[in-house]
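Okay, so here's the structure we're looking at.
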Amino acid sequence: MCEINVYEVITQSEEKRWIVLNEKREPITPIMKYIKYKDSLGKAPNTLKTYCYHLKLYWEYLYAEDKYWKDIDLNILAEFIHWLRYFRKTDKVIPLMQDHMAKRSENTINQIINCVVDFYDYHLRNDSLQKDIKAKITKEITVRNKRYKGFLDHISDNIGYKNILKIKEPRRKLKTLTKEQAEAIHSACNNSRDELMIRIMYEGGLRATELLRLWIEDFNLNENSVLVRKSKTKAGEQRKVYISPETMNRFQDYIIDYHNDGIDTNYVFINLRGKNKGKPVQYWTLQALIRRINNKTGIDFTAHMLRHTYATNLHDLGVEVAIIQKLLGHSQVQTTMNMYIHPSDETIRRNWEKAHSQGGPNNDK
């Protein structure tokens, strides 16, 4: 099988980027043109990295099946989906009866296919390809029964578009943390920096990348607020979130303890020791912290689970969905409703009892 690899490089501006190289260690030009285009649009570095790995997989498939990237059609994409589900590097032939589970989730496969289709759409619009594969896989549908209707919904034509190659994804209830679990996680932190990072994600609902980009001047002591600057995410609008007075006090103590005269950065979270002491904390350092806390407490959580918990807690307290949307930085309220709000069993029970007492179902009054 042809060896294709993704390599990390550092730009002249000291930013991380990634390149995809073939077996001769040469850049794969069609892929890198697309990546450069996405970089020019301001896509986040981690997003660019993901695109590289998605297209690496596609190129491996093309080599394995002896296909040229421009000879694209619906069947090739359908076969690629099957390849993503079941292919293993040791397999020469895909058996008729599969005795093992697919190695990738439906969500992951859909993301890969979306990337490949967007890659082809870029080359079509850039006049380096003739076939419009995006049009081939897109089906016009009538959208009905939307859960959330905007103010001008009645004048819309309710026309939507469906990707006919999209795999049905199982609906999974995303996990949230209990109050007791959150307290245990806070207690498991080894220093004030680590606890402050966890508390801000838990109380403010920040994404991990947003947390690490915070500057000292983003904290407003009078309002107990934090300014989350516009990011390179697709919904990265600038917004203001709020934290508890206790957490704001912890922020002040942390700055006094660690941001001394020898620190030459206004990033809040810095390395406390080692050769990179005083430099901004990187994403993998935060990941390592969470893994340590997982092992120490036995609580299996992620940075994004803190964000889910934040949104769910606000919803349980009766905060309007539109407000939660703004606090999370979502461009669409439907995203907030579908992904981030998970009423707890206690909230469901409390609302049922309220409805029951007012003459709801199963009320014998």
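The values are calculated or read from the model by the stated rules, or taken from the named source; none is laboratory data. Every value quoted in this text rests on a predicted model; they were computed, and no experiment measured them. Cβ sites come from the backbone with ideal geometry, for glycine too, and all protein chains shown count toward neighbours.
General remarks:
- Unmet requirement for Tyr68, which otherwise passes all of (1) touching a helix residue (DSSP H, G or I) at 6+ places or on another chain (Cβ under 9 Å); (2) within 13 Å of Val116 (Cα to Cα): (2)
- Matching helices (runs of 4 or more DSSP H) fully within the stretch 228-320 where at least 1 residues are without any contact (Cβ under 8 Å) to a residue 40 or more places away in the chain, over 19 Å from Leu206 (Cα atoms) and not assigned by TED's automatic domain parsing to the domain that holds Ala44: 245-258, 283-297
- Taken together, Arg207, Arg199 contain a single residue that is in contact with a Ser or Thr (Cβ under 9 Å, 6 or more places away or on another chain), at pLDDT below 95 and surrounded by 19 or more Cβ atoms within 10 Å (Cβ to Cβ), which is Arg207.
- Residue satisfying all of: in the stretch 277-311; of a type in the set (Val, Ile, Thr) and in contact with a Ser or Thr (Cβ under 7 Å, 6 or more places away or on another chain); nearest to Lys49 (Cα to Cα) among these: Ile290
- For the stretch 20-47, a residue qualifies if it is crowded, with 16+ Cβ neighbours inside 10 Å, under 25 Å from Phe87 (Cβ atoms) and free of Cβ contacts under 8 Å to residues at least 40 places away in the same chain, and the qualifying residues are Val20, Leu21, Asn22, Ile28, Met32, Ile35.
- Residue match in the stretch 251-265 (condition: closer than 30 Å to Arg350 by Cβ and in contact with a strand residue (DSSP E or B) (Cβ under 8 Å, 6 or more places away or on another chain)): no
- Count of residues meeting criterion [touching a residue at least 12 places away in the same chain (Cβ under 8 Å) and either assigned to a helix (DSSP H, G or I) or charged (D, E, K, R) (or both)] in the stretch 119-133: 7
- Only residues that are within 21 Å of the chain's Cα centre (by Cα) and of a type in the set (Val, Ile, Thr) were counted across the stretch 12-51, and they come to 3.
- Yes/no for Arg229 being under 22 Å from the mean Cα position of the chain (by Cα), surrounded by 13 or more Cβ atoms within 10 Å (Cβ to Cβ) and of a type outside the set (Ser, Thr, Tyr): yes
Table: residues versus (1) modelled with pLDDT of 85 or more; (2) in contact with a Phe, Trp or Tyr (Cβ under 9 Å, 6 or more places away or on another chain).
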site	(1), (2)
Asn75	yes, no
Lys92	no, no
Pro95	no, yes
Lys103	no, yes
Gln111	yes, no
Cys115	yes, yes
Glu140	no, yes
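- Only listed residue being within 19 Å of Asn191 (Cα to Cα) and at pLDDT below 90, chosen from Ile290, Ile263, Ile270, Ile341: Ile263
- Restricting attention to the stretch 50-67, the residues that are under 24 Å from Arg213 (Cα atoms) and crowded, with 17+ Cβ neighbours inside 10 Å total 2.
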